[in-house]
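Colleague: Once you've had a glance at the structure underneath, I'll fire off some questions.
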Amino acid sequence: MIQLGAPGTLGLPLATLGERFAGQCLDSLVAYGGLFLGTHITTSLGIGPAPAVILFVTYLLFADGLGNGQSFGKKLVKTAVVNERTGAPCTFGSSFLRNVVMFFGVLDWGFIFGKRRQRLGDKAASTIVVKLPA
């Protein structure tokens, strides 16, 4: 497990807008790909789409709480979500809070152009997205 200190003290740079966008796109591919495949499989088995939909929503809300504050997309672009005060990796609770706000759409993402590049969800959960060392 990566132990991150406060970004200001360790000099971890904030993730760029491009890195954040790439991570979000990759996570969308994982989530929607899983939804499509899962729905196909569960419907073929006569179960219906509910299990796939539950997994889809669960991933969208809790993925940033996976190991070291990295969803699959963030892991690929080498970024992580951390607590803005302590630098600790994002928890499942913080992941839920930062991502449930995502359902506000453009209003949520409009905040990303600020100095600390925090979406509204990041502000609500007291998180920032940082670039990890190579």
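Colleague: When ligands, DNA and RNA are left out and all protein chains stay put, how many square angstrom of accessible area per residue does the chain have with a 1.4 Å probe?
Modeller: For the chain, the per-residue accessible area is 55 Å².
Colleague: Enter the per residue convex hull volume of the range 79-134, computed from alpha-carbon coordinates, in Å³ rounded to the nearest integer.
Modeller: Details: hull volume 4.6 nm³, N = 56.
Residue-normalised Cα hull volume stands at 81 Å³.
Colleague: Determine the calculated [θ] at 222 nm for the chain from helices alone, applying -39500 (n - 2.57) to every DSSP H run no shorter than 4 residues and normalising by the residue count; nearest 500 deg cm²/dmol.
Modeller: Mean residue ellipticity, 222 nm, calculated: -15500 deg cm²/dmol.
Colleague: State which stretch of the chain is the longest one without any exposed trypsin sites (Lys or Arg not before Pro), exposure meaning a DSSP loop state and at most 13 other Cβ atoms within 10 Å.
Modeller: It works out to 1-84.
Colleague: Here's another thing I want to ask about it. Using the C-alpha atoms of the chain, what convex hull volume per residue, in cubic angstrom, is computed?
Modeller: Value for the chain: 102 Å³ per residue.
Colleague: Setting aside same-chain residues fewer than 8 positions from LYS123, which aspartates and glutamates have a Cα under 19 Å from its Cα?
Modeller: GLU19, ASP64, GLU84, ASP108
Colleague: Continuing with this model, one more query. Given a 1.4 Å probe and every protein chain left where it sits, what share in percent of the accessible area of the range 29-134 is carbon and sulfur? Before the final figure, lay out the partial values.
Modeller: Working: 4290 of 5740 Å².
Result for the range 29-134: 75 percent of the exposed heavy-atom area is carbon or sulfur.
Colleague: Okay, next question. Rounded to whole Å, give me the distance from the Cα center of the range 38-96 to that of the range 101-134.
Modeller: 16
Colleague: With an 8 Å cut-off on Cα pairs and a minimum separation of 6 or more residues, tell me the relative contact order of the chain in percent.
Modeller: 29
Colleague: How high is the relative contact order of the range 20-79, in percent, counting Cα pairs under 8 Å that sit 6 or more residues apart?
Modeller: Working: 50 pairs, mean separation 26.4, N = 60.
Contact order relative to length: 44 percent.
Colleague: Please work out how much length the chain gains when fully extended from THR86 to VAL53, using 0.36 nm per residue of separation minus the C-alpha to C-alpha distance, in nm with one decimal.
Modeller: Gain on extension, THR86 to VAL53, equals 8.5 nm.
The values are calculated or read from the model by the stated rules, or taken from the named source; none is laboratory data. Since we're looking at a predicted model, the values are computed, not measured. Every residue, glycine among them, receives a Cβ derived from its backbone with ideal geometry; neighbour counts consider all protein chains shown. Quick note on the areas: whole protein, heavy atoms, side chains included, nothing else; ligands and nucleic acids left out. Shrake-Rupley method; radii C 1.70, N 1.55, O 1.52, S 1.80 Å.
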